[in-house]
Amino acid sequence: MKENKLIDWKIISAIIWLVFTVSLASWWLALGLKYSTEKKTMIVMEGLTLIFFVAGGGVALIYYVLQERKRNFKLNQFFASANHELKTYMASLRLRAEGLSEDLEGKPESEDASKIVSDTVRLELQLENSLIFSEPSNRQVFLEEIDLSAYLSGIKDQWPNIELIVQGQTSLKADKRMLEVIVKNLIQNAIVHAKATSIIFSLEANKIIISNNGDVFSGDLEKLGQMFYRHQHQSRSGIGLYLVQNLGNSLGISTSFKLSENGTLKIVLEQNNA
């Protein structure tokens, strides 16, 4: 809806430009006819030609703005439809994979089933990252009180090969979809970059501290959270921590990157209640 308002301002600006330039050309024509005693036919022809091309340019500008609006509307419809369909299929696939993993528990094939679950969650996250990344910065936010301890405990099964430890209890006012993207990116970052097998969420008042038992961090802390920054050659798109920081800002949550005592990356999220 906000995007449409932005496009409406483009149309309004084009109309104002058209009215102003045609009025200016008409004033020039009237002034020329008033003060010129010779070559009035030439002035009329030149004035009418100027008005014609100015008006034609303004009409063309408005036409292409309207075409852009129509194209953007169709594109947004396509992405909304594709988002719904893909997320439905991915959720169904993940549920089947989780069921298969439970059925094969204790059997040699259980490891492969667990990997399918992890890969499906990762694919869901990549899809969600791409969709959010393509959204306008003034996206709508729906805040609700979320019990972080209960929420984190409820998503543990999505990473069967990773130990997720939740310490303490707190709640945040957050958009559930944004919070999900933030948390999943934090977990995925620890798995992919630090090769962590255990991730700890320490919950304090309006604060989350995320640490892990993975590799020592060797990148530049100052550059973490920058768009497309990859501190390792094998890193992927580099937008995971950028989205964590960007979405956190939308929710009034500050993100800071620190080193733990053992040299691994520690991420602190803190929400300001003011």
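In region 174-203, which residues are over 21 Å from Asn249 (Cβ atoms) and polar (S, T, N, Q)?
Within region 174-203, the first condition is being over 21 Å from Asn249 (Cβ atoms), and the residues that meet it are 190-200, 202.
If the condition is that a residue be over 21 Å from Asn249 (Cβ atoms) and polar (S, T, N, Q), then Thr197, Ser198, Ser202 are the ones that fit.
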Any hit, region 85-100, residues being among the aliphatic types (A, V, I, L, M) and not in a helix (DSSP H, G or I): no
Hey, Asn76 surrounded by fewer than 16 Cβ atoms within 10 Å (Cβ to Cβ), in a helix (DSSP H, G or I), at pLDDT below 75 and out of contact with any His (no Cβ under 6 Å at 6 or more places or on another chain) or not: yes
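Each row is one residue, and each column tells you yes or no for (1) touching a Phe, Trp or Tyr at 6+ places or on another chain (Cβ under 9 Å); (2) over 25 Å from Glu270 (Cβ atoms); (3) touching a residue at least 12 places away in the same chain (Cβ under 8 Å).
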site	(1), (2), (3)
Lys115	no, yes, yes
Ser118	yes, yes, yes
Leu125	no, no, yes
Glu145	no, no, yes
Leu164	yes, no, yes
Gly168	yes, no, yes
Leu172	no, no, yes
Verdict on Glu163 being farther than 17 Å from Gly248 by Cα and of a type outside the set (A, V, I, L, M): yes
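Looking for whichever is loosely packed, with under 12 Cβ neighbours inside 10 Å and at negative phi here; the options are Glu111, Glu68, Glu98, Glu85. Which one fits? Give the steps one after another, and end with the answer.
Numbers: Glu111 fails: loosely packed, with under 12 Cβ neighbours inside 10 Å; Glu68 fails: loosely packed, with under 12 Cβ neighbours inside 10 Å; Glu98 fails: loosely packed, with under 12 Cβ neighbours inside 10 Å.
That would be Glu85, the only listed residue that is loosely packed, with under 12 Cβ neighbours inside 10 Å and at negative phi.
The values are calculated or read from the model by the stated rules, or taken from the named source; none is laboratory data. Please read these numbers as outputs of a predicted model, since none were measured by experiment. Glycine gets a Cβ as well: all are built from the backbone with ideal geometry, and neighbour counts include every protein chain shown.
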